[in-house]
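The values are calculated or read from the model by the stated rules, or taken from the named source; none is laboratory data. Note that the structure is predicted; figures quoted are calculated from it, not measured. All Cβ positions, glycine included, derive from the backbone under ideal geometry; neighbour counts span all protein chains shown.
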Amino acid sequence: MIELFQQAADNASIKQTKSVSRRDFLKLTGMTTSGFVLGSMLSVSLPAWAHGNASHVGNNTLNLFVTIETNGRVNIVCHRSEMGQGIRTSIPQIVADELCVAWKDVHVVQGLANEAYGSQNTDGSRSIRNFYAKMREMGATARTILEQAAAEQWAVPIADVYADDSFVINKNTKQKISFAALAEPASKIKPPAPDSLIYKSKKDFKYIGKPIQIIDLPDMVTGNAIFGQDVTLEGMLYASIERNPVVGSKVESFDKAAAMKTGGVVDVYKMPEQPTPVVFNPANGVAVIATNTWAASQGRKALNIKWGDSPHKDHDSAEYLAQLNQRIVGKGKTIRQGGDAYAAMQQSQKKIVATYTVPYLVHAPMEPPAATAVFKDGKCEVWACTQTPQNTQQNVAAALGIAKENVTVNVTLLGGAFGRKSKADFSIEAALLAKYTGKPVKVIWSREDDIRQGYYHSISSQYFEAGLTADNMVNAWIQRTAFPSISWTFDGATDEPSDGELSLGFGDMPFNVDNLSCETHKAPAHIRIGWVRSVCNIQHAFAQGSFVDELAHAARVPTQKMWHQLLGDDRLVNPKDQGFEYGNYGETLERFPIDTKRLKNVLDDVVTKSGADKPTANGEAWGISAHRSFVSYVAVATKVRVKDNKVTVLEMHSSIDAGTVVNPDRVRSQQEGSMIFGLSLAMMGEITVKEGAVEQSNYNDYQVLRMSQSPLITTYIVESDAIPGGVGEPGTPPVAPSLTNAIFHACGKRIRDLPVNKHFTV
Amino acid sequence: MISFTLNDKPIKVDADPKMPLLWALRDLLDMTGTKYGCGIAQCGACTVHMDGTPIRSCVMPLATIAGKNITTIEGLPSDASHPIQQAWLEHNVPQCGYCQSGQIMSAVALLESNPNPDDAAIDDAMQGNICRCGTYPRIKAAIKDAAKNVSTTNVDFSLAKNAGEKA
């Protein structure tokens with residue numbers, strides 16, 4: 001569903017991958033004297049500019065995924081952005097395994113923005129999910145060509161040879177020939193048809209499923225890793241931009257002369273007015289351009305900008321949430337229905353009602369956004385910590401009024417992203433300033449810019465109501481949600497949750513309740529809304545996971561038992577049967593069903609392994625929750641101590657079923673990170689808005705978890721041969737409810753309005 | 001002109017004495033290993049050593065470092081042979097990696113002042129370094145391993161241990 005938003009934002013949607021003819025394939029892969037280049041069978045025609053822009057893979061013509069050089073180096077392209085999930089290691093792992101190359105020979109090349117790769121939008125927890133099969137095909141194709149080349153040299157059938165560890169070996173004679181020596185002859189071999197490829201079986205995997213160290217690790221421990229903030233070009237200028245505190249307000253006046261007087265400042269430039277809807281267009285503001293970052297930031301302080309009016313100037317998040325909470329108790333617009341929840345509710349013996357709220361949140365990655373651009377002879381080159389190089393390319397081209405083919409986008413390492421760096425705004429700023437100055441310009445966002453100029457996780461209210469029968473069975477269920485929609489950012493009009501957002505843990509609720517009503521309410525937007533790690537699953541899983549715990553308490557059964565009762569027998573849930581157009585993260589329900597068995601399994605797994613069903617010391621307690629998102633299943637058990645009004649998180653355990661796992665160590669690290677990300681937002685995450693402007697500014701008032709607040713974390717990965725699911729996001733949603741449930745069981749206080757630090761010291 | 005010692009080499013910088021060391025390192029000296037994260041000494045991404053003590057370079061004006069010894073991440077062994085770097089490799093600590101220069105500089109300073117830190121001492125020393133990816137458990141484990149000085153040679157780069165998993 002994230003890709004739907006992307007497409008809404010693009011003038012042209014990202015093209016689907018297609019097969020190409022053999023002639024096109026040869027044309028775009030190229031054959032060079034330095035070795036053989038294997039292109040992708042999935043590519044569409046490659047733009048002409050790309051051929052001339054291959055310097056990043058050495059002397060070879062640009063290829064798509066695999067290049068073998070005569071010195072034995074094997075270049076494997078990673079076309080997805082690295083932001084801490086380990087994708088620059090995992091993608092090459094898949095290719096290298098089928099290719100049968102020694103890992104030491106692998107050199108990872110970061111792909112430029114290029115439609116030929118298919119989607120490069122690194123979001124929605126889908127890099128492995130969408131590309132696992134294709135990457136195996138790329139590796140197997142290359143290996144087969146190398147085997148064919150060796151077989152021809154020895155004049156034996158291809159069945160008599162096999163590849164291993166960067167060599168092709170003759171089964172009968174045990175003769176070996178290296179990939180390096182085969183590079184040139186292989187370049188003359190006709191690529192095999194994809195359906196003729198022979199793949200490894202799981203038992204023969206050398207890299208897939210192994211905890212290979214991340215390839216950027218040596219650079220990261222020596223200070224050599226290059227992030228967006230680190231790009232340095234000859235003669236480069238540095239820009240810092242003062243942007244409107246309230247969405248829609250315009251620059252009325254500013255003191256250019258005062259800013260110019262600051263030492264090191266070389267120019268001041270009023271940014272073009274931001275059109276409506278805001279989309280990814282840079283905010284209204286004034287850029288100060290200087291010889292270094294410090295000078296630019298000092299000059300900015302002298303600007304004294306007078307801001308114009310905005311229709312959003314009265315937005316007050318506290319008042320707004322109170323309004324949502326009032327609205328949410330009334331009947332809303334039904335988006336999914338089964339039986340008659342209202343009639344059944346009347347017949348219930350006991351009725352449980354609760355409203356849950358989550359505030360605005362911001363990503364706050366450690367590296368604030370940054371982009372560097374150079375504009376010359378009608379062409380622009382950008383270096384940015386972007387999750388979406390293709391979208392950046394399109395947006396920069398549109399902003400500069402040049403063809404997309406004339407924009408090159410280089411992807412640096414991303415110092416965290418969590419969804420913020422999906423937006424092209426900072427890259428567009430750099431491109432505009434590069435064009436204006438005629439020099440390379442790096443736009444540095446300050447932490448304050450990052451906190452105040454975000455695309456925020458939406459503020460929300462959730463209402464849950466259930467009716468219990470005399471024997472404590474749930475016979476009626478009403479759930480409602482209201483929050484400003486991400487769609488508003490793209491159309492300036494949407495004032496209610498979209499089906500895409502409701503597909504994130506709301507319309508896909510998996511419980512087996514005969515009488516069900518899922519409803520929404522209107523909620524107009526007043527600040528830019530975007531996607532933050534796991535998106536609307538955050539508020540929906542918090543409400544659902546808390547409510548199950550409340551029902552368990554009312555029914556006097558363990559929470560685990562209530563989950564089993566609600567999920568019912570093992571079955572596949574189809575929300576479409578009850579009228580909801582479920583998105584399922586862009587996948588079909590045939591490939592990725594909603595499988596209650598897998599959800600129950602992770603819950604039972606984490607409870608058993610953590611000991612969450614065992615007695616605890618006084619003042620200590622466990623809380624549990626589970627959630628399916630990004631087609632994976634995660635359950636979390638959290639143990640807290642509540643003493644003297646202070647909450648201490650002692651342990652967190654999570655169990656994840658993400659199907660086939662490529663790099664179990666990076667799955668573990670993502671789970672560890674998801675626990676801490678989820679704890680940060682649940683314990684202390686809150687953006688507030690007054691008079692239309694965000695009140696927080698930096699890590700002092702938008703706090704995130706620190707080491708002393710970080711618990712022991714243990715991860716369990718369910719062994720599975722299922723198709724790979726998402727990993728980066730599904731760990732986050734069950735964290736908040738597991739925490740607040742634990743707090744309730746430790747001290748009896750039920751927290752329904754996040755964050756926890758409104759009620760306890762953390 | 002401000003003179004100081006940077007990674008054991010004498011250096012002179014011609015800049016506004018109020019400019020924080022961070023920006024002199026990054027923009028004037030092209031040493032980008034030290035990172036910007038907050039600018040107000042809240043996150044620790046910019047941590048360097050001044051005469052062996054960890055400081056936040058984002059709030060340290062150049063004027064105050066005249067004559068001092070400054071060590072940055074680039075001052076650690078470029079072959080990653082320092083026990084802290086080795087422990088970081090062994091535990092596959094980083095995710096995005098952005099905060100890790102600062103984390104490593106804080107950890108190196110900790111072990112120099114306290115060769116055997118307990119959990120509380122580690123929490124205390126590392127409290128000023130934020131990691132948004134959530135590498136805290138591995139950082140803590142890596143510091144303890146470095147303190148024990150175990151397995152600091154011949155690290156196998158090919159396969160990581162199952163870091164983060166309890167024994």
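Give me the pairs: first residue in the stretch B:93-106 and touching a residue at least 40 places away in the same chain (Cβ under 8 Å) and under 12 Å from A:ASP216 (Cα atoms), second residue crowded, with 24+ Cβ neighbours inside 10 Å and hydroxyl-bearing (Ser, Thr, Tyr), beta-carbon distance under 8 Å, and six or more apart or on different chains, which are they?
Every condition considered, the pairs that remain are B:VAL93/B:THR135; B:PRO94/B:THR135; B:GLN95/A:SER669; B:GLN95/B:THR135.
Looking at A:ILE189, A:ILE212 in this structure, which one is touching a residue at least 24 places away in the same chain (Cβ under 8 Å) and at the interface with another protein chain (Cβ under 9 Å from one of its Cβ atoms)?
Numbers: A:ILE189 fails: at the interface with another protein chain (Cβ under 9 Å from one of its Cβ atoms).
Just a single option satisfies the conditions, and that option is A:ILE212.
Listed here are the residues, each with its yes/no results for (1) surrounded by fewer than 20 Cβ atoms within 10 Å (Cβ to Cβ); (2) farther than 25 Å from A:SER422 by Cα; (3) at pLDDT below 95.
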site	(1), (2), (3)
A:ARG243	no, no, no
A:ALA259	no, yes, no
A:ASN281	no, no, no
A:VAL288	no, no, no
A:THR293	no, no, no
A:ALA296	no, yes, no
A:ALA302	yes, yes, no
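Within 13 Å of chain B (Cβ to nearest Cβ), surrounded by 15 or more Cβ atoms within 10 Å (Cβ to Cβ) and more than 30 Å from A:ALA417 (Cβ to Cβ) - does that describe any residue in the stretch A:200-208?
Yes - at least one qualifying residue is present in the stretch A:200-208.
Only one of these is in a helix (DSSP H, G or I) and either over 14 Å from A:THR559 (Cα atoms) or at pLDDT below 95 (or both): A:LYS609, A:LYS600. Name it.
Residue meeting the stated conditions: A:LYS609.
Sort out which residues of the stretch A:72-89 are under 16 Å from the mean Cα position of the chain (by Cα) and not in a loop (DSSP other than H, G, I, E, B), and write them in order of number.
Of everything in the stretch A:72-89, those that are under 16 Å from the mean Cα position of the chain (by Cα) and not in a loop (DSSP other than H, G, I, E, B) turn out to be A:ILE87, A:ARG88.
Can you tell me which of A:VAL704, A:VAL662 is under 23 Å from the mean Cα position of the chain (by Cα), over 28 Å from A:VAL548 (Cβ atoms), in a loop (DSSP other than H, G, I, E, B) and within 14 Å of chain B (Cβ to nearest Cβ)?
Sole residue among the options that is under 23 Å from the mean Cα position of the chain (by Cα), over 28 Å from A:VAL548 (Cβ atoms), in a loop (DSSP other than H, G, I, E, B) and within 14 Å of chain B (Cβ to nearest Cβ): A:VAL662.
Report every pair of residues separated by at least 6 positions or lying on different chains whose Cβ atoms are under 9 Å apart, first residue within the stretch A:575-598 and among the small types (Gly, Ala, Ser), second part of a loop (DSSP other than H, G, I, E, B).
A:GLY583/A:MET1; A:GLY583/A:SER503; A:GLY583/A:LEU504; A:GLY583/A:GLY507; A:GLY583/A:ASP508; A:GLY586/A:MET1; A:GLY586/A:GLY124; A:GLY586/A:ARG126
Could you please let me know if A:ARG243 is outside the structural domain of A:THR688 (by TED's automatic domain parsing), in contact (Cβ under 8 Å) with a residue 40 or more places away in the chain, within 33 Å of the chain's Cα centre (by Cα) and within 20 Å of A:LYS690 (Cα to Cα)?
Answer is yes for this residue.
Restricting attention to the stretch A:224-249, and to residues there that are within 10 Å of chain B (Cβ to nearest Cβ) and not in a loop (DSSP other than H, G, I, E, B), which single residue is nearest to A:LEU432 (Cα to Cα)?
Checked the stretch A:224-249; the qualifying residue nearest to A:LEU432 (Cα to Cα) is A:TYR238.
Got a sec? Which of A:ALA635, A:ALA682 is in contact (Cβ under 8 Å) with a residue 24 or more places away in the chain and part of a strand (DSSP E or B)?
A:ALA635
Given the conditions (1) touching a Cys at 6+ places or on another chain (Cβ under 6 Å); (2) of a type outside the set (Phe, Trp, Tyr); (3) closer than 21 Å to A:GLY285 by Cα, report the number of the one that A:LEU414 does not fulfil.
Condition (3) is where A:LEU414 drops out.
Failed condition for A:VAL689, given (1) more than 27 Å from A:GLU82 (Cβ to Cβ); (2) under 20 Å from the mean Cα position of the chain (by Cα), with all others met?
Of (1) more than 27 Å from A:GLU82 (Cβ to Cβ); (2) under 20 Å from the mean Cα position of the chain (by Cα), only one is false for A:VAL689: (2).
Looking at (1) farther than 21 Å from A:PRO282 by Cβ; (2) outside any loop (DSSP other than H, G, I, E, B); (3) not hydrophobic (A, V, I, L, M, F, W, C), which one does A:SER348 not meet, given that it meets all the others?
Against the list (1) farther than 21 Å from A:PRO282 by Cβ; (2) outside any loop (DSSP other than H, G, I, E, B); (3) not hydrophobic (A, V, I, L, M, F, W, C), A:SER348 comes up short only on (2).
Which numbered condition in (1) more than 12 Å from every other protein chain (Cβ to nearest Cβ); (2) out of contact with any Phe, Trp or Tyr (no Cβ under 7 Å at 6 or more places or on another chain); (3) not basic (Lys, Arg) is the only one that A:LEU679 fails?
(1)
In the list A:GLN578, A:GLN560, which residue meets the criterion of being over 25 Å from A:ASP123 (Cβ atoms) and touching a Cys at 6+ places or on another chain (Cβ under 9 Å)?
The conditions single out A:GLN578.
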